[in-house]
1. Net charge near Leu84: determine it from the other residues with C-beta under 13 Å of the C-beta of Leu84, scoring Lys and Arg +1 and Asp and Glu -1.
2. Once the principal axes of the Cα atoms of the range 88-233 are found, what is the range along each, listed largest first in whole angstroms?
3. If eta is 0.890 mPa s and T is 25 °C, what Stokes-Einstein diffusion coefficient results for the range 198-260, Kirkwood Rh from Cα pairs, in µm²/s?
4. Say we join alpha carbon atoms closer than 10 Å with springs in a Gaussian network model of the chain; which of Leu195, Leu138, Leu224 then has the biggest fluctuation?
5. What does the highest-first list of 364-370, 308-314 look like by mean Cβ count within 10 Å?
6. Given the Cα atoms of the chain, and with Rh set as the inverse mean 1/r over their pairs in the Kirkwood sense, what is Rg to Rh to two decimals?
7. Taking the Cα centre as origin and putting +1 on Lys and Arg beta-carbons and -1 on Asp and Glu beta-carbons, what dipole magnitude results for the range 1-115, to the nearest 20 debye?
8. For a quick protection proxy, order the peptides 348-356, 129-137, 94-102 by their average other-Cβ count within 10 Å, most packed first.
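The values are calculated or read from the model by the stated rules, or taken from the named source; none is laboratory data. Everything numeric in this text was worked out from a predicted model, so none of it was measured. All Cβ positions, even for glycine, are placed from backbone atoms using ideal geometry, and neighbour counts span all protein chains on display. Calculation scope for accessible area: heavy atoms of the full protein, side chains included, ligands and nucleic acids excluded. Shrake-Rupley method; radii C 1.70, N 1.55, O 1.52, S 1.80 Å.
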Amino acid sequence: MPRAVYLLALGIFAMVTSEFVVAGLMPQMAEGLHATIPEIGYLITAFAVAMAFGGPFLTIGLLKMRQKQALLVLFAIFLAGNVLAALAPDYRTMLVARVITGIASQAFFGVSISLCAQLTRPEVRGRAIAVALNGLMLGTLLGLPLSTVIGEHLGWRAAFWAITGLTVLAALATLAGVPRIERIEDDGGSLRQELGAFRSPRLWLTLTTSTFVIGATFSAFSYLNPILTEVTGFSTGTVPLLLIAYGAATVVGNTIVGRFADRHTVPVLLIGLLLNLGFLAGFAVLAQLSVPAVALMMGIGLVGVTMNPALVTRVQRTGNARPLVNTVHSSFITLGIIIATSVGGPAIDTFGLRAPLWIGAALAGLGLLTLVPDLRRLRAGRTAPAGKSVDPQSPREAKASSRV
């Protein structure tokens, strides 16, 4: 595996840690910025919305750059936003800072995943993407608890300064260790060709699958703390340990999925969604029992957000592996998070804390429906009579599949 892939994971880790830091420091930030807890919660929403809708436009603006240069520009923008957050004198300034960092981080994900595809052979591309996305998993496992500990002991601004230092380290490592890759246009691409991929209805359906997969997972993850304390009955001191265990499960699951994402993309997604639906529904029914609740929570960690390598592989084969498609894909993933958190809160008010788990199960079911066309194509390919060729893929996908 090229060393550059691990360096890209470090950059993703820094940005994911910044995304999650607000969730762990809500009371301190509310006091320091003279805001309410709900207002601090809107900072998380603002970051996600900026990612979903701003990231693709920033990516378009960087298409004429070499991808290493684009990464360094994105580090600079993200760094500026994070420093602004650390220095923010009031809530409005912090809101602006979160929007800046959200837009930059989304574009960074898209360019990084595209660069992974160019740095590795097609037959190990899914594994390389899994390595890079371990930065996301480690952000949950290590970044969130470490930034929370720093913020609790040294103040919330210290947490943002720590992320600033991590960002500088990741940028310097990228400068030294990531090779120069030619511009997309140098390989025959253009903005028109980038946008042309989105004329495919199949690509939009593929992107929608990602929304449902991640939305299903975050319906549970976003409310694990209150579910585990108020329904299952764990103490508040135990929950952080359980969340670390959940983060460890995502690292393991991500590694396993990365091994199979290239050759068995759709079957991996089918099995993952079926298992996640079962885990979410089981958690909803058995949340009051501590042992089953923890086991089912760990199951969600293993087969939830860990589907990302297979999701990315499927999108790249349906569209292309260029930065804009990857960034828009990240936006659809973020849209799943927005849906999960925006629907889950009102549902809790009406139906109680188990409601987000049932919503997650429903989203997983919708994700399964979006796989039906691909499953039919796979079945048609396997049952075609000898001597007859069945082309279940577009020419671009067939070319990609022939390489793996």
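1. My count for the surroundings of Leu84 gives +2.
2. 53, 39, 34
3. Taking Rh from Cα pairs, D becomes 174 µm²/s.
4. So, out of Leu195, Leu138, Leu224, the one fluctuating most is Leu195.
5. Details: 364-370: 19.7, 308-314: 28.6.
Listed from highest to lowest mean packing, they are 308-314, 364-370.
6. Values: Rg = 20.7 Å, Rh = 21.4 Å.
On the Cα set of the chain, Rg over Rh gives 0.97.
7. That gives a dipole near 580 debye.
8. Those peptides, ordered most packed to least, come out 129-137, 94-102, 348-356.
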